[in-house]
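As structure tokens, the structure follows; a few thoughts come after it.
Read-outs: derived from the displayed coordinates by stated rules, not from any lab. Only a predicted model underlies this, so the values are computations on that prediction, with no experimental measurement involved. No Cβ is skipped: glycine too gets one built from the backbone with ideal geometry, and neighbour counts run over all protein chains shown.
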Amino acid sequence: MSASTPASVSTHILDTSVGRPARGVAVRLTARGGQDADWQALGGSATDADGRCKDLPALPEGTTHVRLDFAVEAYFEHRENQRADAQQDAPANRDSGAGGVFFPEVTVTFAVAPGEHYHVPLLLNPFGYSVYRGS
């Protein structure tokens with residue numbers, strides 16, 4: 001890629017509490033061209049069965065910072081409802097918070113350079129998360 005080619009972004013989510021990809025998590029992408037510039041909403045997607053967003057919008061030329069917003073609360077609520085249906089007589093999870101998830105959303109902001117690809121995996125569980133620059 002040449003220096004004039006905008007950066008590109010991809011992501012995926014793994015739910016480390018069950019050892020599986022997190023399906024159906026809404027992801028929003030915003031970008032800006034400089035530290036003091038306003039954030040521009042570019043659109044979003046949702047993770048597929050493999051926990052990947054394969055159709056995130058392209059970044060505009062001149063992008064220097066990117067923000068990924070992961071709406072994880074609905075994912076955990078859906079997962080808990082499925083588990084409750086499967087185990088109707090099981091005791092409630094005493095360790096969960098009022099909503100069952102401590103972090104209802106995760107926002108990751110990072111710097112980008114033209115021509116580079118940035119893969120940003122999210123490792124997720126109801127009480128914590130980790131992100132890193134993948135390959």
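Computed quantities for the displayed model
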| read-out | value |
| --- | --- |
| Residues that are within 17 Å of S17 (Cα to Cα) and among the small types (G, A, S), drawn from segment 40-70 | A49, G51 |
| Looking only at segment 1-49, and only at residues there that are within 13 Å of E61 (Cβ to Cβ), in contact (Cβ under 8 Å) with a residue 60 or more places away in the chain and outside any strand (DSSP E or B), the one that is nearest to the chain's Cα centre (by Cα) | A7 |
| Any hit, segment 39-53, residues being under 15 Å from R79 (Cα atoms), of a type in the set (G, A, S) and surrounded by 15 or more Cβ atoms within 10 Å (Cβ to Cβ) | yes |
